[in-house]
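For reference, the structure is listed below as structure tokens.
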Amino acid sequence: MSTEAKIAAIVPYKVYPAKMGGQKAIALFYQYLGNIIPVSIFSTGNNERAASEEFQPVLGNSVLRYGNIFLYGKLKRMMRSQSITHLFIEHPYMGWLGLLLKRSLRVPLIVRSHNIESLRFKSIGKWWWGMLWHYERFVHRRADHNFFITDEDKLFAIEHFRLDARRCHTITYGFESSRPVADSIKQDAKRQLQIRHQLQPGEKIILFNGTLDYQPNKTALEAILKFINPLLLQQENFSYRIIICGNNLPASFNGLENYRDKNIIYAGFVDDITLYFNGADIFINPVTDGGGIKTKLVEALGAGLSCISTKSGAIGVPSGITGGKMQVTEDNDWKAFAEKTMAIDITGSTPDGFYSHFYWGAIAKKAADILQNKTV
């Protein structure tokens, strides 16, 4: 472990326990990076994690933290006492604070972008996205390094924010395993799902999961119910069930009660989504907006699932490293989506190259090498 560098990360919202993809993207990145360079996380008090040198809940829980100027003096003193050499911020929101600390402590500032935030809010109809765009651009232009989660986001920012390409890097979302899941584990998980949901041995288990009140996921769920599933139901020789996992299902869906006789199972929020990733046969990702990498697609491929995705939903996942385990259709072409769902090969494993690219250990090493000037 390096003793020369020490990282501070400002994480202005709850990420522990890390259950959803965005939370895992932060918690696991710093967990693995911390194995190489010491990391101190400055975050909010509503995290379920004990205070320590590695985690310090000093930002408060009020929304006013995003503009609380008094945080500057507090974090300046803490970072100086801990001999911090590099400062990370998650998303651009705390950019004003990061820039003040960068200037006063003379430490490099790294902005870690999970997507182009302003465009994400534009895609879900927020009128104020333009103001965020200018602020986001302002923060990225003044950072020493910009970490983007996909090549697409990186190239967009270089062009439209006019960033120095030498300071922009793709540091993707990751997966915790460095190798495929053992067949015995997958077979046991499938048996558990068959018992839990009263499935027949010959039925293919198709999975979709996500936070269901998030508009991109809600729209994807509507596509499953209105377009994809009706096409699958027309095929007499295709035996399947679609399991929907996720919390915050809007009341307008009535718990998907109207679809129980249409091969749809609503499992709700599940404590162990890994069981579903390991036990399912096919993962469907009919997401057409929202920006960034779809973390659930990475996890599904990492678990060895055969995956069908829209073009927008597959951003950030190079098809060349999936070995045919991921099939992609044009956005909103639900006929092709359904056809690929029925035809995709569910045998075989995700290639080793996928794990080399998406393993958190490899991702953290790449980030550490950039910070330590071992690579550019």
Task: Output for the range 266-295, where each listed residue is touching a residue at least 24 places away in the same chain (Cβ under 8 Å) and farther than 20 Å from Ser309 by Cα - done: Ala267, Phe269, Val270, Leu275
TODO: Residues being open to solvent by less than 10 Å² (accessible area, probe 1.4 Å) and outside any strand (DSSP E or B): count how many of those fall in the range 281-300.
DONE: 7
- [ ] Determine if the range 237-244 includes at least one residue that is closer than 30 Å to Leu119 by Cα, surrounded by 13 or more Cβ atoms within 10 Å (Cβ to Cβ), modelled with pLDDT of 95 or more and not charged (D, E, K, R).
- [x] yes
Open item on the list: Can you pull out every residue in the range 73-119 that is in contact with a strand residue (DSSP E or B) (Cβ under 8 Å, 6 or more places away or on another chain), farther than 20 Å from Asn373 by Cα, crowded, with 19+ Cβ neighbours inside 10 Å and of a type in the set (A, V, I, L, M, F, W, C)?
Closed with: Leu75, Met79, Met94, Leu97, Leu101
Open item on the list: Just to check your reading of the model, which residue among Ile370, Ile363 is modelled with pLDDT of 95 or more, out of contact with any Ser or Thr (no Cβ under 9 Å at 6 or more places or on another chain), surrounded by 13 or more Cβ atoms within 10 Å (Cβ to Cβ) and in a helix (DSSP H, G or I)?
Closed with: Ile370
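For (1) touching a strand residue (DSSP E or B) at 6+ places or on another chain (Cβ under 9 Å); (2) not charged (D, E, K, R), each residue gets a yes or a no:
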{"site": "His145", "(1), (2)": "yes, yes"}
{"site": "Thr150", "(1), (2)": "yes, yes"}
{"site": "His160", "(1), (2)": "no, yes"}
{"site": "Arg166", "(1), (2)": "no, no"}
{"site": "Pro180", "(1), (2)": "no, yes"}
{"site": "His197", "(1), (2)": "yes, yes"}
{"site": "Ala220", "(1), (2)": "yes, yes"}
Task: Candidate set: the range 30-44, residues that are in a helix (DSSP H, G or I) and out of contact with any Phe, Trp or Tyr (no Cβ under 6 Å at 6 or more places or on another chain); chosen: the one most open to solvent (accessible area, probe 1.4 Å) - done: Gln31
- [ ] Evaluate the range 181-203: report whether one residue or more is in a strand (DSSP E or B) and at negative phi.
- [x] no
Open item on the list: Which count do you get for residues in the range 177-224 that are touching an Asp or Glu at 6+ places or on another chain (Cβ under 6 Å) and either at pLDDT 95 or above or exposed (fewer than 15 other Cβ atoms within 10 Å of the Cβ) (or both)?
Closed with: 2
- [ ] Name the single residue, out of those in the range 126-143 being in a helix (DSSP H, G or I) and aromatic (Phe, Trp, Tyr), that is nearest to Ile110 (Cα to Cα).
- [x] Phe138
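Among the residues of the range 273-286, are any in contact with a helix residue (DSSP H, G or I) (Cβ under 9 Å, 6 or more places away or on another chain), on the phi < 0 side of the Ramachandran plot, modelled with pLDDT under 95 and hydrophobic (A, V, I, L, M, F, W, C)?
Keep residues of the range 273-286 that are in contact with a helix residue (DSSP H, G or I) (Cβ under 9 Å, 6 or more places away or on another chain), which gives 273-286.
Then keep just the ones that are on the phi < 0 side of the Ramachandran plot; that gives 273-286.
Keeping just the survivors that are modelled with pLDDT under 95 gives 273-274.
Right, trim to hydrophobic (A, V, I, L, M, F, W, C) and you get 273.
For the range 273-286, residues in contact with a helix residue (DSSP H, G or I) (Cβ under 9 Å, 6 or more places away or on another chain), on the phi < 0 side of the Ramachandran plot, modelled with pLDDT under 95 and hydrophobic (A, V, I, L, M, F, W, C): present.
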Open item on the list: So Ala303 ticks every box in (1) under 29 Å from Lys154 (Cβ atoms); (2) open to solvent by 30 Å² or more (accessible area, probe 1.4 Å); (3) touching a Pro at 6+ places or on another chain (Cβ under 9 Å); (4) not basic (Lys, Arg) but one. Which box is left unticked?
Closed with: (2)
Open item on the list: Please go through the range 1-26 and give me each residue that is within 21 Å of the chain's Cα centre (by Cα) and within 23 Å of Lys74 (Cα to Cα), ordered by number.
Closed with: Ala9, Ile10, Val11, Pro12, Tyr13, Lys14, Val15, Tyr16, Ile26
TODO: Could you pull out the residue among Thr170, Thr85 that is under 22 Å from Gln56 (Cβ atoms), touching an Asp or Glu at 6+ places or on another chain (Cβ under 8 Å) and hydroxyl-bearing (Ser, Thr, Tyr)?
DONE: Thr85
Open item on the list: Just to check your reading of the model, which residue among Ser349, Ser319 is open to solvent by 10 Å² or more (accessible area, probe 1.4 Å), of a type outside the set (A, V, I, L, M) and without any contact (Cβ under 8 Å) to a residue 12 or more places away in the chain?
Closed with: Ser319
Task: Residue count, the range 45-90 (criterion: under 16 Å from Gly34 (Cβ atoms), assigned to a strand (DSSP E or B) and under 23 Å from the mean Cα position of the chain (by Cα)) - done: 4
TODO: State which residue is nearest to Ser356 (Cα to Cα) when the search covers only the range 144-176 and only residues that are open to solvent by 40 Å² or more (accessible area, probe 1.4 Å) and not in a helix (DSSP H, G or I).
DONE: Glu176
Task: Yes/no for Gly313 being more than 16 Å from Ile243 (Cα to Cα) and either without any contact (Cβ under 8 Å) to a residue 24 or more places away in the chain or assigned to a helix (DSSP H, G or I) (or both) - done: yes
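The values are calculated or read from the model by the stated rules, or taken from the named source; none is laboratory data. The structure presented is a predicted model; accordingly, all values stated were derived computationally and were not measured. So basically every Cβ, Gly included, is an ideal-geometry build from the backbone, and we count neighbours across all protein chains shown. Note: accessible area is taken over every heavy atom of the protein model, side chains too, but ligands, DNA and RNA are not part of it. Shrake-Rupley method; radii C 1.70, N 1.55, O 1.52, S 1.80 Å.
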